[in-house]
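The values are calculated or read from the model by the stated rules, or taken from the named source; none is laboratory data. Here the structure is a predicted model, which means the values were calculated and not measured. Cβ atoms come from the backbone with ideal geometry, glycine included; neighbour counts cover every protein chain shown. Keep in mind that these areas ignore ligands, DNA and RNA; they rest on the heavy atoms of the full protein, side chains included. Shrake-Rupley method; radii C 1.70, N 1.55, O 1.52, S 1.80 Å.
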Amino acid sequence: MTRLACLEVPLFPLAARLRSEPDLREDPVIILQGKAHAARVVAASRRARRAGIRAGATLNQARALLPGLTIRPRDETSERAAREALFEVAESFSPRVEEEEPGILYLDIIGCQHHFDPQRPEEDLGRHLERAAARAGLPARVGIATSKLAARIAAGTPPTPRIVSAAAEAEFLAPLPLARLRPDYRLLETLQRWGITSIGGLARLPAAEVVGRLGLGGEALHARARGFDPRPLVARTPPPEFREGMALEWPLVALEPFLFIARNALERLSRRLARQGLACSRLGISLQLEPDGHHERSLALPAPTREVKTLLTLIRLELEKTPPGAPVAGFEISAHPDRPRAAQLTLFGPTEIPPDQLATTLARLFALLGEDRVGSPRPANCHRPEPFLLTPYTPPPPPRVRPEPATGRSLLGVRVLRPPVPIEVFTASAQPSAERNPTDRPVEIAPIVGDQKGVPDIQGHVRVASGPWELEEGWWHEESVQREYWDVELDRGGIYRIYREVESGEWRADGIYD
Amino acid sequence: MTVPSTATNQPARRLPEIEQLTGLRSAREMVRERTETRRLTLDEVFSTGLPDLDHLLCGGLPRGHVVELTGRGSSGRFSCVLSLLAATTQQGESIALVDLGDQLDPRLATDCGVDLDRLLWTRPRRIEEALSAAEILLAGSFPAIVLDLGIPPLPGGRGRQVWWVRLARAVRRHRSALLVSAPYPVNPGTASVRLEIHPQRARWRGDRSSPHLLSGFELRLDRSKSHLEATPASTRLAFRTVPEWQLYATTPALSPAPSLRPAEERALRLESGREFLPAGDAPRTTPSRPRPRVGSHPHWGYRRPAIPPEVADRALARNGPRR
């Protein structure tokens, strides 16, 4: 036997909007759909409904009833995010979930009851479902029955959660008005003329007579009235990414207000990811610009993380680096989910940095310094000392047992000067550079006259010089490098590695022994 | 609380008794406990790979403390940093290098024994960024961090004192080890240990008739401040350029040639891909001046980069055999 739970969020456009703007929860709010004079109220908050505002009213009618009304247009971005959030709530209870329409979900709960109170499992499940939806910012109602129709009607009937057993389904439906079946208005009029106003009244009519008088539509309605709903539950495939965003009430031109709103969206996104045990490996930002146009950005994270502060810092730096160039009227943030890596604990070896913490640290460093300034160094495939490669920092797992502290090789280190510092070198023979003899030794080093701000001060009389050591690379293409290296010790201290470009004759220092 | 009347007569003599009776601790004891040096266990330190320096630091770079290492250009400061990186990564620990001067040579680091997979290299532009990066790394539970400020002039100066105080607090809170390598003192007051390096002399091989070759240098390390256990306050260190056998392999003119083990000889032939003078065949007389081949600087040139075969083929087809 099938048991289905219906999770329904009443007035879904309003609930989605209030989820994005929780400050409006206590205000009288209406959601409008349509433009100009064609705009109609599609949902109104409790305070607005108390004032008499109903769905279908125009803006002027609503304002006449309640002048201090808060008005919001229908926001597809908020609704899409709320739908996904509701899906995730449902999927945390059952793997088989179907969406009938925005704000209405069916869950196959067969087998799930064992995880709840054994005395009243379905009621306990329903309460947990409601609480989970409330934590996601969506007030929901729950109905549990055997068919989709009965479950949905149960969800719309107080109290919540409403449990309808298989045997009592017809009895539950019978006294309810026919409008609960959502029939075609022509059929409803006909049935009302017949004096049939309840579902039970229709169910008691002979099926053949109903088909003969009302046709195929009548037959389907009669079957629904008897509690027969042949529609199977079609489980959905989870989307490849998580999205949050909203349309803004007025366009924003400054970064700080935008980040204030984006933080809320990121917090919701982070909660959704945490609920699924996931983290974000790539962040997409889509900005809707005023009056038209879009601004798309994609931020690759060094490792999956869901820390709001880090993600917000990355967004801030990205937007500061490349501003959208127009006022922002709406935004959507998408997170590509990935499994966070887990650390293996050890008793005797070095402790591994938790991967999620490492990912957060790397993301913050990326945000501070830029991607090209953080990583694991690698030697470049060339002779010159300046080039290097940077690879993503992914340390291997530490050894299970800490090795004995190794003694170093006591090798002399060289600080590489990037870029090499231009210097003026006087050689022993002091001949012109074009006719220079390779055996000429540097005897004096002087700084190049000019803008030398921030450049190491390299000058003095050469006490000892060693060289020349030739370096040639890239001889197979036109941009070849040919250098003559010297190691020089200056009388005022300092041992430098200097070189002379063979083609140009210019001298530079590219290293200091330290 | 009532204090025995006898204690009021001879307070200094009866102080331990008072403390025992009242449960209070005297200011003298608290100060002693605060300043008392303590022996660090192996788990609380990171070996620097230099036994003499470890001895000066009471076992190694201590967790929860800031150690400042100062020394002007060509003092051996960076060699100490590389040695620490090598020793730490060889133990399987992750370590971060905040390299303000952007002066790390990955190839030389590999030669020094650094496991580059475990080294996180950050290259800030100014000292503010360097201190912020170090703070982020501390918050990220990195067990050991080296903040190398390079050589003068430092971009951004010494930084504000308050930044250093924050950094020292973060080090204590996260129980990480922080080595600040600077050309001159930059964080007075916050470092638990301060070491000053004084270069002694550079070692050169050769004379007027043969080429000079830098083979290393010596330095003296003085400890000017320590909150740790009192150990010798000064030591001497020596660094060399490359292992001896590599030195002779690249400069056969130098004499006397050392004897190589067969495995080393074979490895060197395979690695360098060039002719090699075996042990015993090295000329005893020095030629006028060696002309090393391409990339044969003794400190890094014995390694030849791999030219992709397709590039080499194209170059040969276009230019003919290399001269």
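Using a basic spin-label model with each label point 7 Å from the Cα along Cα→Cβ, how many nm lie between residue A:504 and residue A:135?
6.4 nm
Given a 1.4 Å probe and every protein chain left where it sits, what share in percent of the accessible area of region B:65-213 is carbon and sulfur?
Carbon plus sulfur share of accessible area: 45 percent.
Return the FRET efficiency for the residue pair residue A:255, residue A:294: r is the Cβ-Cβ distance, R0 is 25 Å, and the value is rounded to the nearest 0.05.
0.90
Taking only DSSP H segments of four or more residues, each worth -39500 (n - 2.57), what value at 222 nm results for chain A once the sum is divided by all its residues, to the nearest 500 deg cm²/dmol?
Helix contribution divided over all residues of chain A: -9000 deg cm²/dmol.
At a probe size of 1.4 Å, how large is the accessible area of residue A:185, to the nearest 10 Å²?
Roughly 130 Å² of residue A:185 is accessible to a 1.4 Å probe.
Among the aspartates and glutamates, which fall within straight-line cross-link reach of residue A:148, defined as a Cα-Cα distance under 14 Å, with same-chain neighbours fewer than 8 residues apart omitted?
Output for residue A:148: A:8, A:98, A:99, A:100, A:101, A:108, A:169, A:229.
Which far-off residues, 5 or more places away or on another chain, put their amide H under 5 Å from the one on residue B:177, with H placed in the peptide plane?
The answer is B:64, B:144, B:145.
Order the following by accessible area, largest value first: A:443, A:421, B:162. Probe radius 1.4 Å; ligands, DNA and RNA are ignored.
Listed by decreasing accessible area, they come as B:162, A:443, A:421.
Ranked highest first by the average count of other Cβ atoms within 10 Å around their residues, in what order do B:56-65, A:50-59 fall?
Those peptides, ordered most packed to least, come out B:56-65, A:50-59.
Given a Förster radius of 45 Å and the C-beta distance between residue A:316 and residue A:231 as r, what FRET efficiency does 1/(1 + (r/R0)^6) yield to the nearest 0.05?
After rounding to 0.05, the efficiency reads 0.40.
Given a Förster distance of 22 angstrom, what is the FRET efficiency for residue B:139 paired with residue B:165, based on the Cβ-Cβ distance and rounded to 0.05?
FRET efficiency, residue B:139 to residue B:165: 0.85.
When you count, for each residue, the other Cβ atoms within 10 Å and take the mean per peptide, how do A:390-403, A:125-138 rank with the highest first?
A:125-138, A:390-403
What is the mean number of Cβ atoms from other protein chains located within 10 Å of the Cβ atom of each residue in peptide A:495-501, rounded to a whole number?
Per residue, the average neighbour count from other chains is 2.
Whenever you get a sec, line up A:198, B:79 from highest to lowest accessible area (probe 1.4 Å, protein heavy atoms).
A:198, B:79
How crowded by other chains is B:81-93, given as the mean number of beta carbons from other chains within 10 Å of each beta carbon?
Neighbouring Cβ atoms belonging to other protein chains average 6 per residue here.
Buried accessible area between B and A (1.4 Å probe, both chains summed, ligands and nucleic acids excluded), in Å² to the nearest 100?
It comes to approximately 7800 Å² buried between B and A.
So for A:250, B:121, what's the accessible-area order with a 1.4 Å probe, most first?
Sorted by accessible area, descending: A:250, B:121.
In peptide A:476-482, how many Cβ atoms from other protein chains are near each Cβ within 10 Å, on average?
Mean inter-chain Cβ contacts per residue within 10 Å come to 2.
Check each of the trypsin sites (Lys or Arg not before Pro) in region A:283-380 and keep only those in coil by DSSP with at most 16 other C-beta atoms within 10 angstrom; list them in order.
Answer in residue order: A:341.
Assuming 0.36 nm per residue, please report the length gained on full extension of the stretch residue A:194 to residue A:71 beyond their Cα-Cα distance.
Working it through step by step, the gained length comes to 40.0 nm.
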